[in-house]
Amino acid sequence: MGLLLDVGYATAGLILSPWLIYKVSSDPVFRSGLGERLGNLPGRDGDRPCLWMHCASVGEVTLAKPLVEELRTRRPDLEFQFTTTTPAGRELARKTWPKDRVHHFPLDLSFCVRRALRAIRPAAIVLVELEVWPNLIQVAEKRGVPVAIVNGRISHRSHRRYRRLVAYFRSVFRRISKAGMQTREYADRARELGIPGSRVHITGNLKFDARLEFDQLETSEEVRTAFGLQAEHPLLVAGSTHDPEEKILIETYRRILQTYPKLRLMIAPRHVERTAEVRKIVEEAGFQVALRSELKEPPPNDRVLILDTVGELAQVYSAANAVFIGGTFCERGGQNMLEPAALGKPIVSGPSLDNFREIADRLVAAGAMKVVDNPIDLGMAVGSLVKEPAMAARAGLKGKDVVESGRGALKATADLVCDLLPQRPSAAEWKA
């Protein structure tokens, strides 16, 4: 099976070879990580048991931070090594865990995975939010390394894709040692796809347990000062946006300004590499732009603001009067809305919410979030929050209540990981 998968990967690589050659020749970041992607990681020193934790991108790194802190408290003997898929995720992981090793995730080719496993010698592997890599899971099982999924979710769209190849994926999923799933629905889907029922646990959603690591009031004032916002300027933050949402937002903003001319807009693209594209959209609409990375002093307060840095979105949310959740006016299934909810911010979104359906339903039922399905209603929803700040504040408090009621996943997930950790394998097991 591994050989067939390698052949499939090789065929895809051959088809994509012109793009890969271009990336290697033109992108220093991609080129610098090529060795790690091929599994060429530095060998780990010492004999401490090691937990390999894979966080695909920025969201997973943020999600994993309190879990890692909890595990360090419980198991001070553990060494951690982290891998990420995206450059932005790697950058944030290095800032988050500066004393630990952070690498690019190896390509899911058998020889790459084997090399990485020999270098890291993990006691266990933790995949955050169902990052399923068949060769990694199969080779790890052969080496006697348990693999766990934490904060697992299987959206309706992903479930449909897996079911198309259910015979193959069942052979992969049955090798998972433990699966901590966010909800009963996700747990049922995991069992259906082949994870043995006794290994599937409903642990809740770690996003509810995210911790604020800054003073909200103080940070809000700092953000508003940095961006030149006065007290009379309400701020709409559009977080983690995707194409074509920026065009929708900028046209909606233009209409809202006719009634609420002091409203200011900040756009935070989900992928910072789209900054130039987003800037062009805003400028072609007739607005001037201020980029976070270029600010040396507060800009004029008529600029549309673009957050083009990594790891600052929560701080920016603290200064918002209203928040739009990106990925909801396109087929992305939404982005994390618990972060602004935990900060007491009223939320507006589009209808695409598959990735966060349970959370969105709870926020909507509580009156903390409004879902709209067209740009006109989006403008009206934002306008009502600007017009009635007391109503907006009440909605924000309801969101905080929802977050508080959902806490508890951190303990359950840490329990699951600690139960998974075996004795450290002997050196002989890691021979080629």
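The values are calculated or read from the model by the stated rules, or taken from the named source; none is laboratory data. Bear in mind the structure is a predicted one, so any value in this text is a computation, not a measurement. When we count neighbours, we look across all protein chains shown, and the Cβ atoms used for this are built from the backbone with ideal geometry, even at glycine.
Between P106, P49, P42, which is more than 27 Å from G180 (Cβ to Cβ) and in the same structural domain as V417 (by TED's automatic domain parsing)? Steps first, answer last, please.
Numbers: P106 fails: more than 27 Å from G180 (Cβ to Cβ); P49 fails: more than 27 Å from G180 (Cβ to Cβ).
Residue meeting the stated conditions: P42.
Only one of these is in contact with a Cys (Cβ under 6 Å, 6 or more places away or on another chain) and of a type outside the set (A, V, I, L, M, F, W, C): H201, H242, H233, H271. Name it.
H242
For the condition at pLDDT 90 or above, assigned to a helix (DSSP H, G or I) and in contact with a strand residue (DSSP E or B) (Cβ under 6 Å, 6 or more places away or on another chain), what is the one hit in E60, E70?
None of the others qualify; the one that does is E60.
Looking at K262, is it under 21 Å from L353 (Cβ atoms) and not β-branched (V, I, T)?
no
Any residue in region 358-379 that's closer than 27 Å to P261 by Cβ and in contact (Cβ under 8 Å) with a residue 60 or more places away in the chain: show its pairings with residues that are crowded, with 16+ Cβ neighbours inside 10 Å and aromatic (F, W, Y) at Cβ separation under 9 Å, as long as the two are six or more apart or on different chains.
Between residues of region 358-379 that are closer than 27 Å to P261 by Cβ and in contact (Cβ under 8 Å) with a residue 60 or more places away in the chain and residues that are crowded, with 16+ Cβ neighbours inside 10 Å and aromatic (F, W, Y), the close pairs are P375/F329; L378/F324; L378/F329; G379/Y253.
Return the residue satisfying two criteria in turn: it lies in region 389-409 and is assigned to a helix (DSSP H, G or I) and charged (D, E, K, R), and of such residues it is surrounded by the most Cβ atoms within 10 Å (Cβ to Cβ).
K398
Step by step: first the residues of region 338-388, then only those that are assigned to a helix (DSSP H, G or I) and in contact with a Pro (Cβ under 8 Å, 6 or more places away or on another chain), then the one that is surrounded by the most Cβ atoms within 10 Å (Cβ to Cβ). Which residue is that?
L385
When you go through R157, R170, R161, R211 one by one, which is the residue that is closer than 23 Å to A56 by Cα, of a type outside the set (V, I, T), surrounded by fewer than 18 Cβ atoms within 10 Å (Cβ to Cβ) and over 22 Å from the mean Cα position of the chain (by Cα)?
After ruling out the rest, the residue left standing is R170.
Among the residues of region 321-337, write down those that are surrounded by 24 or more Cβ atoms within 10 Å (Cβ to Cβ) and under 11 Å from G396 (Cβ atoms).
A322, V323
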